[in-house]
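The values are calculated or read from the model by the stated rules, or taken from the named source; none is laboratory data. All figures in this text were calculated on a predicted structure; none of them were measured in a lab. Here Cβ is always computed from backbone atoms with ideal geometry, including for glycine, and neighbour counts include all displayed protein chains.
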Amino acid sequence: MVLEGNPLTIEQIVRVACQGEQVTLSEVAKERMSRCRHVVEQVVKAGLRAYGINTGFGKLCDVSIPPEKIEALQENLIRSHSCSVDVPLSEDEVRAAMLLRANALARAMSGVRVEVVEKILELLNRRVTPVVPSRGSVGASGDLAPLAHIALVLMGEGQACVDGRLVPAAEALGRQGIVPLKLSAKEGLALINGVQVSTAILALTVWDASRLADAADVVAALSGQALNVIPDAFDERIVSARPYPGARIVASHVRALLEGSALTSRAGETHVQDAYSLRCVPQVHGAVRDTIEHARKTVEIESGSSTDNPLIFEDGRVVSGGNFHGQPVAFAADFLSMGLTTLMNISERRISRMLNPDESGLPAFLARNSGLESGYMLLQYTAAGLCAEARVLCSPASVQSIPTSANQEDHVSMSATAALKCRKILEYLAHVLAIEYVVACQALEYRGVEKIAPLSMKAYQKLRERVPPLVGDRVPVPDVEEARKIIVSGDLLRAIQEAGCSTWY
C-alpha cells in the first residue's frame, strides 16, 4: 500500500492492521511534506511565535520556548503525556492507529519531516507494535495519551511487542535494526494531535460488525423456519414502499435464505401475522446496517483528514483550529453502539420465542425430556444478561464532556470511550447471535431438517460439523463457543457464498 494522505477504506485499514500488508510513502507525499516542513523551519529561524512550535501546550500555550529548548519541548510532551492506564489495546488496534496517524501526517499539513512518517511505517512493516494502555483519552486535542505511547516507542522508550514478546522499546527497535527517532520542532505535537486511536477502534468494529450483520440475517432465517414464518413480510414491494438501503438488502437476503423451504407458512394458514422479531427483520436489521454504513463513512472521512493544530498551509500560514476534536467519531461510535445493541435485542426475542413452548409449539426449552432435562433454557438467560449490559453501555459517551487543561480545553468528545464500549458491545453481539444459531438449529431438529431451504441448509450443516444435536443435557458453553467461532471467522458467510447465492452482498 502506498500512502499519500488520501482517504483509506475500511478494507485497506484491515489489510495493514490485521493482515500485515506492507506500507510505503509516496514520492508525491514526500515532496509535499518537505515543502510544509520548510515553513516550520522558517518559523523557528525567524523566531515567530507559533503554537506548538515554540510555545507550551494547552493552558501553557502563552509560554514562549527558546530555540535551544524546542527539541526538549517535543520530547517532554511525549513523555509527560504517556499516561494511559488499564489493559492494552490489541496489536491490530494499535497498528490501525499507527497507519491512520501516518496517513494524516502524509497529507503534509502538519509540518513534520518525511522521516517521521517513514519511521512509523518502518515499525508497521517490521511488526514492532507499541504497548498502548486503553484508557486515558478524552477525544479532544486528539487521543493524546494513547498516541503518546506510540510516539514514545518511536523515540526508543516505553514498551513494545515484537515476535510475540513484550520487551522494552529500545530492545524491540534494536532487534529489528530500527534507529530511534529524535524529535524536532512541532513533531511531538503532530504525532498526538488527532483521534486516530478512537478511529482505529471504530474502523475494526465496523469491519467486524458488517460480518455480524450478515450472520444475523442468516440466523434469523433459520429461526424463522423453526417458527413457521410467513415470508410475505420480506416481499420486495414491502421494502420498496419505504426504501431504506439496509432494509432492501436484508429482505433480499432473507428471501434467498427462505427460498424452497417447506417450513414457512401462508398468511392465515396457522396464524395471520408473525411477531415483530420475525416480521420486522428487514426494518430492524436494515436500520442497523445503515448505522454501520454511517460509521464506515465517518471512518473513511477521518482517515484522509488533517487533524493537527496548528495546520500549515501552502501559502505559509500557520493557523490554529480544532480538527483534532473527536466529536464526529464519538457520535458515530455511540450510534453504532445503539445499532449493535438493537440487533442483540431482536435476536434475544427470537431465542426466547423458540424456547417457549407456548409460542413455538416445540418442546419446552428444546429438551428431549422436558422436566427431567432443561435443554437450552439458560441460554436465553445468558442472552438476556448480555443484552442488559449492552443497553447500559449504550449510554452515550459523546455527551460526557469534562473540561481539561485548566479549562483551556473546556469541551471534549470522549470519542475513545465511545469506541471502546462499542467494541465491547460487538463482542456481546457475537455471543448472542451464536446462541440464536445454536437454538435455531436445535429447534429445526423437531421441525424436520430435510424441510430447510437449500441455502439455509448450508448454515445448518456448518454448525452440525462442530456441534451435534442436543439429545440430553450437556454443558452448552462449548456449543455456543463453536457457533461464535463459525460466525466471527466468516465461515458461516463463506458457506452461504460458496452455495452461489447471487443476492448475497
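Would you point out which residue out of Leu144, Leu191, Leu183, Leu202 is touching a helix residue (DSSP H, G or I) at 6+ places or on another chain (Cβ under 6 Å) and under 27 Å from Ser489 (Cβ atoms)?
On the way: Leu144 fails: under 27 Å from Ser489 (Cβ atoms); Leu191 fails: under 27 Å from Ser489 (Cβ atoms); Leu183 fails: under 27 Å from Ser489 (Cβ atoms).
Of the residues listed, the single one that is touching a helix residue (DSSP H, G or I) at 6+ places or on another chain (Cβ under 6 Å) and under 27 Å from Ser489 (Cβ atoms) is Leu202.
Run down Arg15, Arg32 and say which single residue is touching a residue at least 40 places away in the same chain (Cβ under 8 Å) and among the basic types (Lys, Arg).
On the way: Arg15 fails: touching a residue at least 40 places away in the same chain (Cβ under 8 Å).
The conditions single out Arg32.
Could you pull out the residue among Val167, Val116, Val153 that is over 20 Å from Gln19 (Cα atoms), outside any helix (DSSP H, G or I) and β-branched (Val, Ile, Thr)? Spell out the reasoning first.
Working: Val116 fails: outside any helix (DSSP H, G or I); Val153 fails: outside any helix (DSSP H, G or I).
Only one candidate passes the filter, namely Val167.
Tell me, which helices (runs of 4 or more DSSP H) wholly within region 275-363 include 1 or more residues that are surrounded by 22 or more Cβ atoms within 10 Å (Cβ to Cβ) and β-branched (Val, Ile, Thr)? Full working, then the answer.
Working: elements: 276-279, 281-303, 327-355, 357-360.
Correct list: 281-303, 327-355.
Here is a list of conditions, (1) buried (at least 22 other Cβ atoms within 10 Å of the Cβ); (2) over 22 Å from the mean Cα position of the chain (by Cα), and Asp163 meets all of them except one; can you say which number that is?
Condition not satisfied by Asp163: (1).
Just one of (1) modelled with pLDDT of 95 or more; (2) part of a loop (DSSP other than H, G, I, E, B) trips up Ala430, so point out which.
Looking at each condition in turn, Ala430 falls short on (2).
When you check Ala215 against the structure, is it under 31 Å from the mean Cα position of the chain (by Cα), hydrophobic (A, V, I, L, M, F, W, C) and surrounded by fewer than 20 Cβ atoms within 10 Å (Cβ to Cβ), yes or no? Even if it seems obvious, please write down each step before you answer.
Details: under 31 Å from the mean Cα position of the chain (by Cα): yes; hydrophobic (A, V, I, L, M, F, W, C): yes; surrounded by fewer than 20 Cβ atoms within 10 Å (Cβ to Cβ): no.
No: the conditions fail for Ala215.
Collect the residues in region 60-115 that are at pLDDT 95 or above, of a type in the set (A, V, I, L, M, F, W, C) and within 22 Å of Arg317 (Cα to Cα), keeping them in residue-number order.
Once the filter is applied, which keeps residues that are at pLDDT 95 or above, of a type in the set (A, V, I, L, M, F, W, C) and within 22 Å of Arg317 (Cα to Cα), region 60-115 yields Ala104, Leu105, Ala106, Ala108, Met109, Val112, Val114.
Which of the residues that make up region 182-198 are in a loop (DSSP other than H, G, I, E, B) and not small (Gly, Ala, Ser)?
Here is the first cut: in region 182-198, the ones in a loop (DSSP other than H, G, I, E, B) are 182-186, 193-195.
Result: Lys182, Leu183, Lys186, Asn193, Val195.
For a quick check of your reading of the model, give me the residue pairs whose first member lies in region 364-392 and is in contact (Cβ under 8 Å) with a residue 12 or more places away in the chain and over 16 Å from Val480 (Cα atoms), whose second is loosely packed, with under 15 Cβ neighbours inside 10 Å and of a type in the set (Val, Ile, Thr), with beta-carbon atoms closer than 7 Å and at least 6 apart or on different chains.
Every condition considered, the pairs that remain are Arg368/Val471.
Pick from Glu498, Glu465: which is exposed (fewer than 15 other Cβ atoms within 10 Å of the Cβ), without any contact (Cβ under 8 Å) to a residue 60 or more places away in the chain, out of contact with any His (no Cβ under 8 Å at 6 or more places or on another chain) and over 30 Å from Leu336 (Cβ atoms)?
Glu465
Hey, among Tyr446, Tyr437, which residue is under 23 Å from Arg255 (Cα atoms), touching a helix residue (DSSP H, G or I) at 6+ places or on another chain (Cβ under 8 Å) and surrounded by fewer than 24 Cβ atoms within 10 Å (Cβ to Cβ)?
Checking each option against the conditions leaves just Tyr446.
Give the number of residues within region 215-243 that are in contact with a Lys or Arg (Cβ under 9 Å, 6 or more places away or on another chain) and farther than 29 Å from Gly361 by Cβ.
Of the residues in that region, 2 qualify.
Do we find that Ile249 is touching a Lys or Arg at 6+ places or on another chain (Cβ under 7 Å), of a type in the set (A, V, I, L, M) and either closer than 30 Å to His325 by Cα or assigned to a helix (DSSP H, G or I) (or both) in this structure?
Working: touching a Lys or Arg at 6+ places or on another chain (Cβ under 7 Å): yes; of a type in the set (A, V, I, L, M): yes; either closer than 30 Å to His325 by Cα or assigned to a helix (DSSP H, G or I) (or both): yes.
Taking the combined requirement at face value, the residue satisfies it.
Could you list all residues from region 96-128 that are over 19 Å from Arg35 (Cα atoms) and either in the same structural domain as Glu302 (by TED's automatic domain parsing) or buried (at least 24 other Cβ atoms within 10 Å of the Cβ) (or both)?
Selection gives Ala96, Ala97, Met98, Leu99, Leu100, Arg101, Ile120, Leu123.
Out of everything in region 52-74 that is among the small types (Gly, Ala, Ser) and touching a Ser or Thr at 6+ places or on another chain (Cβ under 9 Å), what residue ends up being nearest to Thr404 (Cα to Cα)?
Step one: of region 52-74, the residues among the small types (Gly, Ala, Ser) are 52, 56, 58, 64, 72.
Filter once more, so that each one left must be touching a Ser or Thr at 6+ places or on another chain (Cβ under 9 Å): 52, 56, 58, 64.
Numbers: Gly52: 18, Gly56: 15, Gly58: 9, Ser64: 21 Å.
The selected residue is Gly58.
Being more than 23 Å from Glu427 (Cα to Cα), basic (Lys, Arg) and outside any helix (DSSP H, G or I) is the filter here; which residues of region 440-488 pass it?
Arg474
For region 57-108, give me each residue that is among the β-branched types (Val, Ile, Thr) and part of a helix (DSSP H, G or I).
Step one: list which residues in region 57-108 are among the β-branched types (Val, Ile, Thr), which gives 63, 65, 70, 78, 85, 87, 94.
Of everything in region 57-108, those that are among the β-branched types (Val, Ile, Thr) and part of a helix (DSSP H, G or I) turn out to be Ile70, Ile78, Val94.
Among the residues of region 382-419, write down those that are of a type outside the set (Ser, Thr, Tyr), part of a loop (DSSP other than H, G, I, E, B) and surrounded by 20 or more Cβ atoms within 10 Å (Cβ to Cβ).
The initial filter retains those residues of region 382-419 that are of a type outside the set (Ser, Thr, Tyr), namely 383-394, 396-397, 399-400, 402-403, 406-412, 414, 416, 418-419.
Restricting the remaining residues to those that are part of a loop (DSSP other than H, G, I, E, B) gives 394, 396-397, 399-400, 402-403, 406-408, 410-412, 414.
Passing the criteria: Ala397, Val412, Met414.
Looking at region 223-276, which of the residues that are among the polar types (S, T, N, Q) and under 28 Å from the mean Cα position of the chain (by Cα) is nearest to Asp358 (Cα to Cα)?
First pass over region 223-276, keeping only residues among the polar types (S, T, N, Q): 223, 225, 228, 240, 252, 261, 264-265, 270, 273.
Subset that is under 28 Å from the mean Cα position of the chain (by Cα): 223, 252.
Details: Ser223: 16, Ser252: 30 Å.
Step by step, filter region 223-276, then rank; the result is Ser223.
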